[in-house]
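Below is one structure, written out as structure tokens; the observations come after it.
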Amino acid sequence: MKTMLSNTKKVYIKNLKKELKISSKYKRTLLNDLEINIDSYISEHPNTTYKDLVENFGTPEDVSESFYE
């Protein structure tokens, strides 16, 4: 179960990394903060799916676009 959730988070973060077109420094900071939020969400919702992450945090594309507005 834990491995599946870990993979779900990894896939979401990986997809977001692909979308972010910002400097490495800001990307690292953003991804670290987001991972903390995702871990917190997963601890409260142990059956989290990729779809749940998208519904709660937005698609990787939407998250990325929000930094350019």
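Among the trypsin sites (Lys or Arg not before Pro) within the chain, those in coil by DSSP and having at most 14 neighbouring Cβ atoms inside 10 Å are K21. For V54 and R28, a Förster radius of 22 Å and the Cβ-Cβ distance give a FRET efficiency of 0.50, rounded to the nearest 0.05. The stretch 14-42 and the stretch 50-69 have Cα centres lying 11 Å from one another.
Taking a probe of 1.4 Å, how large is the accessible area per residue of the chain, in Å²? Mind showing how you got there, number by number?
Numbers: 4800 Å² over 69 residues.
So the chain comes to 70 Å² accessible per residue, rounded to a whole number.
For the options T48, T29, T59, a Gaussian network treatment of the chain with springs between C-alpha atoms closer than 10 Å singles out T29 as fluctuating the most.
Each residue of the stretch 42-53 was assigned a 3J(HN,Hα) from its phi angle through the Karplus curve 6.51 cos²θ - 1.76 cosθ + 1.60 (θ = phi - 60°); the sequence is 5, 5, 7, 10, x, 9, 4, 10, 4, 4, 4, 5 Hz, with glycine and proline shown as x.
Calculated from DSSP H runs of 4 or more alone, at -39500 (n - 2.57) each and per residue, what is the 222 nm mean residue ellipticity of the chain, nearest 500? Before the final figure, lay out each step's value.
Numbers: 4 runs with 54 residues, N = 69.
Mean residue ellipticity at 222 nm (helix-derived): -25000 deg cm²/dmol.
Mind checking the stretch 5-69 for chymotrypsin sites (Phe, Trp or Tyr not before Pro) that DSSP puts in a loop (not H, G, I, E or B) and that have at most 16 other Cβ atoms within 10 Å? Walk me through the numbers on the way to the answer.
Values: sites: Y12, Y26, Y41, Y50, F57, F67, Y68; in loops: F67, Y68.
Passing both the DSSP loop test and the Cβ count: F67, Y68.
Computing P(r) over Cα pairs in 10 Å bins from 0, in percent for the structure here picks out one of [x] 23, 58, 17, 2; [y] 18, 48, 30, 4; [z] 20, 56, 21, 2, namely [z].
I need the GluC sites (Glu not before Pro) found in the stretch 1-67, filtered to DSSP loop residues with at most 13 other beta carbons within 10 Å of theirs. Mind showing how you got there, number by number?
Values: sites: E19, E35, E44, E55, E61, E65; in loops: none.
Of the GluC sites (Glu not before Pro), not one in the loops of the stretch 1-67 has a Cβ with at most 13 other Cβ atoms within 10 Å.
The values are calculated or read from the model by the stated rules, or taken from the named source; none is laboratory data. All of these numbers come straight from a predicted model, not from anything done at the bench. In this analysis, Cβ positions are derived from the backbone assuming ideal geometry, glycine residues included, and neighbour counts consider all displayed protein chains. SASA here: full protein model, heavy atoms, side chains in, ligands and nucleic acids out. Shrake-Rupley method; radii C 1.70, N 1.55, O 1.52, S 1.80 Å.
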